[in-house]
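Take a look at the structure set out below.
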Amino acid sequence: MAAEKPRVVTGTRPTLVLRAEADSGIRRHGREAYPHECCGALIGREQLVMEALALPNATGEGSRRRFLVRPVDYRAAERRAAALGAALLGFYHSHPDHPARPSPYDLDHAWPVFTYVIVAVEGGEPRALTSWRLRDDRSAFDEEPVVVEEPKAAGGRRQAAGEA
C-alpha cells in the first residue's frame, strides 16, 4: 500500500517542522511497537522538533489502544530537553490500524500547551503522520500543518510529512 498523500491544512496555526531524524524515529518506533501503541516526547525550540525521544508505553489498560507516559519518563524528557538547550514541545504516539486522528481518549488526556503528533501504522508500516493542538477550552483538537526538514546534504528541502 502506498503512503497516504499529505492532507492540505488551512488556518492560522504555525507549521510544525520535524527534523528528518525525528520523523524517521517516530515512524521506526511505530513500526517496532506494532501492533501496540508507541509513545515518546517531542523536543525542540518553538515549532522545530529536533529530537523524538522514545518513551516506554506504561499503560495498564492495554497498549494496543492506549498509551501512558509515567511521571518519571516525563521528567526524563524535560531533563533531555534542558540538556539540549531546548524545550518539551509535546508528545507523539501511534495509532495501530487506525487513522492518524485524535481519539476521544486522546482528547480527555491532552493538555493545551503541547503539540501531539500521531502516526498511523497500518499492518506494521507507518503511513500518515499528523500534528494536533488542543484548544484552550479543551473542546477539540485543531490540526496543524507539519513538514519534514530534509538533511542539509540533501538540499534542505522541506516536504509534507506524508510524502514518500
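Rule-based calculations on the coordinates, nothing more; no lab input. Since we're looking at a predicted model, the values are computed, not measured. Cβ atoms come from the backbone with ideal geometry, glycine included; neighbour counts cover every protein chain shown.
Worth pointing out:
- Amide H contacts of R65 (H built 1.01 Å from N, under 5 Å, at least 5 apart or other chain): E37
- Loop sites in region 17-49: GluC sites (Glu not before Pro), DSSP, at most 16 other Cβ within 10 Å: E46
- Förster-model FRET efficiency, 45 Å R0, R80 and S139, C-beta, rounded to 0.05: 0.90
- In this structure, the amide hydrogen of R70, modeled 1.01 Å from its nitrogen in the peptide plane, lies closer than 5 angstrom to those of A58, counting only residues at least 5 positions away or on a different chain.
- Contact order relative to length of region 16-160, as percent, for alpha carbon pairs under 8 angstrom and 6 or more apart: 24 percent
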